[in-house]
Structures are given as C-alpha cells and as structure tokens.
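Note sheet for the following structure.
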Amino acid sequence: MTNPKILLDQYNLMPKKSLGQNFLHDPNALEKIVSTADLMPEDTVVEIGPGTGALTRALAEKVRHVFSIEIDDRMRPILEGELAPYNNVYLVFEDILKVDVLGLVGEREYVVVANVPYYITSAILRHLLEVPRRPRSIVLTIQNEVAERIIAQPGDMSLLAVSVQFYGKPEIATRLKAGAFWPRPDVDSAVIRIDTYETLPFEVPSTDLFFRVVKAGFSQKRKQLRNALSGGLGIKTQAGGELLEAAGIDPTRRAETLTIEEWARLTQVYSA
Ligand code: SAM
C-alpha cells in the first residue's frame, strides 16, 4: 500500500481532523479488514470515505464492483491516480448521508466495507440500516468504545445497540491499535461486522412505531421504565406502567435491561 502521508505530501495536502481523516497505513490492519468482509468475486461493495484509496484498492482486487463515496473533493486527484488501474471502481464525491445508496447499486446485492469517520458513525449506521433493502453485511472500522456499545447485551443496552441489533447480528472481528492509522487517533479502533437479517425476526406493527417506543424508553437515563416511557410517549405514569405489565415487563426495570423481543412486545401492546 502507498503510505498516506507520502501521498498527501505529494499533493500538498494536510489531513482534516473535522472529517475524521485518520488514514490506514498498516498493511496487516488492511488485510484484517478485508478478510473480515468475506468477499466473493461477484460482490458489489459500497465503501464510505476512501481517503487516499488504500482500502479501495484492496477491495477492487477482490470484487466485481466498488462504489466509493468521499466527501473531500481534495482527494480526487489522489484517488483518480491510485485507482487508475482499476476499471471496476466508481467514485462519488458527496456526503454519504446525502447519497441514495440503493439508487447507486441498483438491483445488486451489496456489502458495505468502510473505515468510517468517527464523528458520524451512528448517523451512517442509520443511513445504511433504515432502508428497504439493506446490505448483506456491513464491516466498519470504528472507535473501540462505540463497537462495545453496539454489541452490548441486555443490562447494558442503549438506543444505538437496539438500533443495530434490530436489523442484524453485530460482532467485533478484531481490534486495531491507534498506531495503525496516520495521523494517530486518540483512541483504539475495532472492526465490527454486522450480518443483517434477510427477514426481520422481530414482529412489530411498524418500525417507526417500534423506534418511537424505544426512544421513549431511553429518553430519561437511569429512570424506571414506567416513568421514562410515559414521559417519552406523553402518557400518564400509571398508563405507562399498565402498558409494561400488559407486555409482561416489570415496570420498575430500566431501558438498558430489555431484550429486543421485549421492546417488540411492548410496541405490539402500545399499538393495540
Ligand atoms: N478509507 C481511508 C483509509 O482507511 O485510509 C480513509 C479513512 S478516514 C478514517 C475517513 C474518510 O471518510 C476520510 O477520507 C474522510 O474525508 C471521509 N469522510 C468524512 N466524512 C464523510 C462523509 N460525510 N461522507 C463521505 N466521506 C466522508
């Protein structure tokens, strides 16, 4: 792989902290990310934030199509140079949150592989998961602490954990030291893989309603669920307690202890 610092120097560019520009410069880390994705030659990959193109090249070697979306137009000459040998890479210079990913990949099944800017990890996950046709899997290099929150189990759940685990199974594939990136970030990273469900296993009247209930539950940290729920849904505490009891959930429990099945059951009772 070409050293990102050398590439940026050649073009007189400095990494932008505001865009989360910490570029991979460790070939072993690159190899771990690619192998986590378990790619097949026919695959279509969507990459977010190609930067100087190290991961993009590795992906282009492995699969049929790579769609890479980069917000920083300064990277255009670097990427066009680095990727010139590959005719299977399609570059888009745009904010990922404004890109219609399904419009880009068309009917193809697709996988997302990305070393994402940390400042928008949750927004990216929502953008990728809250669509009619989700990626088969998502392999993201993210802040270690955020990865731990995503894979949390009942007892430590958060709105982020529910938002991901509703759509798929997340696991941490490997951890990467801060030194694998240049400039070196303040924190270590983890490579997370989310295998999405083909059919959602949780029965809910609508996903909008499900997330309204979940958000209400998490709206007041450390409060008993009957209080948080009633505050968040704009109903009386007693009504919140009755809803929970009807769903077979102790009203004095806290949001972080519920399983996704329990949130789904609560949504069913609320909609009835
Ligand atoms: N993939 C490269 C690598 O591994 O070396 C770069 C990773 S760097 C952590 C994140 C990249 O995402 C940067 O190139 C940055 O410019 C880009 N980026 C930041 N915000 C973005 C956004 N909203 N949409 C698309 N790309 C973005």
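The values are calculated or read from the model by the stated rules, or taken from the named source; none is laboratory data. Predicted, not measured: the structure shown is a model, and the values here were computed from it. Positions of Cβ are generated from backbone atoms using ideal geometry, with glycine treated the same way; all protein chains shown enter the neighbour counts. Remember, those area values only see protein heavy atoms, side chains included, never the ligands or the DNA or RNA. Shrake-Rupley method; radii C 1.70, N 1.55, O 1.52, S 1.80 Å.
If I filter region 51-72 for residues that are free of Cβ contacts under 8 Å to residues at least 60 places away in the same chain, hydroxyl-bearing (S, T, Y) and open to solvent by 20 Å² or more (accessible area, probe 1.4 Å), do I get at least one hit? I'd like the intermediate steps shown before the answer.
Looking only at region 51-72, we keep the residues that are free of Cβ contacts under 8 Å to residues at least 60 places away in the same chain, and these are 52-54, 56-72.
Then keep just the ones that are hydroxyl-bearing (S, T, Y); that gives 52, 56, 68.
After this cut, where a residue has to be open to solvent by 20 Å² or more (accessible area, probe 1.4 Å) as well, the list is none.
No, there is no match, as no residue in region 51-72 is free of Cβ contacts under 8 Å to residues at least 60 places away in the same chain, hydroxyl-bearing (S, T, Y) and open to solvent by 20 Å² or more (accessible area, probe 1.4 Å).
Which numbered condition trips up L91, out of (1) near the ligand (Cβ under 10 Å from one of its atoms); (2) open to solvent by 30 Å² or more (accessible area, probe 1.4 Å); (3) assigned to a strand (DSSP E or B)?
Here L91 clears every test but (1).
Go through (1) over 17 Å from I124 (Cβ atoms); (2) buried (at least 22 other Cβ atoms within 10 Å of the Cβ) for H25 and report which single condition fails.
H25 satisfies every listed condition except (2).
As an exercise: evaluate L30 against (1) part of a strand (DSSP E or B); (2) open to solvent by less than 40 Å² (accessible area, probe 1.4 Å) and give the number of the one condition it does not meet.
Single failed check for L30: (1).
Yes/no per residue for (1) over 18 Å from I142 (Cα atoms); (2) within 11 Å of the ligand (Cβ to nearest atom):
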site	(1), (2)
I6	yes, no
L19	no, yes
E31	no, no
T36	no, no
E42	yes, no
I48	no, yes
G53	no, yes
R64	yes, no
M75	yes, yes
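Test of understanding: among L79, L128, which residue is under 21 Å from the mean Cα position of the chain (by Cα), more than 9 Å from the ligand (Cβ to nearest atom), open to solvent by less than 10 Å² (accessible area, probe 1.4 Å) and under 29 Å from D186 (Cα atoms)?
Working: L79 fails: under 21 Å from the mean Cα position of the chain (by Cα).
Selected residue: L128, the only one of L79, L128 that is under 21 Å from the mean Cα position of the chain (by Cα), more than 9 Å from the ligand (Cβ to nearest atom), open to solvent by less than 10 Å² (accessible area, probe 1.4 Å) and under 29 Å from D186 (Cα atoms).
All but one of (1) assigned to a helix (DSSP H, G or I); (2) farther than 17 Å from V92 by Cβ hold for R74; which doesn't?
Every condition holds for R74 apart from (2).
Only residues that are hydroxyl-bearing (S, T, Y), within 22 Å of T207 (Cβ to Cβ) and open to solvent by less than 10 Å² (accessible area, probe 1.4 Å): list them for region 135-162, please. Show your work before the answer.
Here is the first cut: in region 135-162, the ones hydroxyl-bearing (S, T, Y) are 137, 141, 158.
Applying the additional criterion that residues be within 22 Å of T207 (Cβ to Cβ) yields 137, 158.
Passing the criteria: only S137.
Hey, could you check region 172-212 for residues that are under 25 Å from I6 (Cα atoms) and in a loop (DSSP other than H, G, I, E, B) and say which is least open to solvent (accessible area, probe 1.4 Å)? I'd like the intermediate steps shown before the answer.
Looking only at region 172-212, we keep the residues that are under 25 Å from I6 (Cα atoms), and these are 176-189.
Filter once more, so that each one left must be in a loop (DSSP other than H, G, I, E, B): 177, 183-188.
Values: K177: 145, P183: 44, R184: 168, P185: 15, D186: 142, V187: 53, D188: 61 Å².
Top of the filtered list is P185.
How many residues are more than 9 Å from the ligand (Cβ to nearest atom) and open to solvent by 20 Å² or more (accessible area, probe 1.4 Å) when one looks only at region 104-119?
Narrowing region 104-119 to residues more than 9 Å from the ligand (Cβ to nearest atom): 104-113.
From what's left, open to solvent by 20 Å² or more (accessible area, probe 1.4 Å): 104, 106-109.
Matching residues across region 104-119 total 5.
What tally of residues in region 11-68 results from selecting those that are under 15 Å from L91 (Cβ atoms) and among the hydrophobic types (A, V, I, L, M, F, W, C)?
Number satisfying all stated conditions: 9.
Being free of Cβ contacts under 8 Å to residues at least 60 places away in the same chain and acidic (D, E) narrows it down to one of E256, E261, so name that one. Lay out the reasoning, then the answer.
Working: E256 fails: free of Cβ contacts under 8 Å to residues at least 60 places away in the same chain.
So the residue among E256, E261 that is free of Cβ contacts under 8 Å to residues at least 60 places away in the same chain and acidic (D, E) is E261.
Provide a single number: the residues in region 123-145 that are in a helix (DSSP H, G or I), touching a residue at least 40 places away in the same chain (Cβ under 8 Å) and more than 13 Å from G168 (Cα to Cα).
Residues flagged as in a helix (DSSP H, G or I), touching a residue at least 40 places away in the same chain (Cβ under 8 Å) and more than 13 Å from G168 (Cα to Cα) within region 123-145 amount to 3.
Within region 94-103, track down each residue that is farther than 16 Å from G49 by Cβ and exposed (fewer than 14 other Cβ atoms within 10 Å of the Cβ). Talk me through it step by step, then tell me what you get.
In the first step, residues of region 94-103 are kept if they are farther than 16 Å from G49 by Cβ; the result is 100, 102-103.
Correct list: D100, G103.
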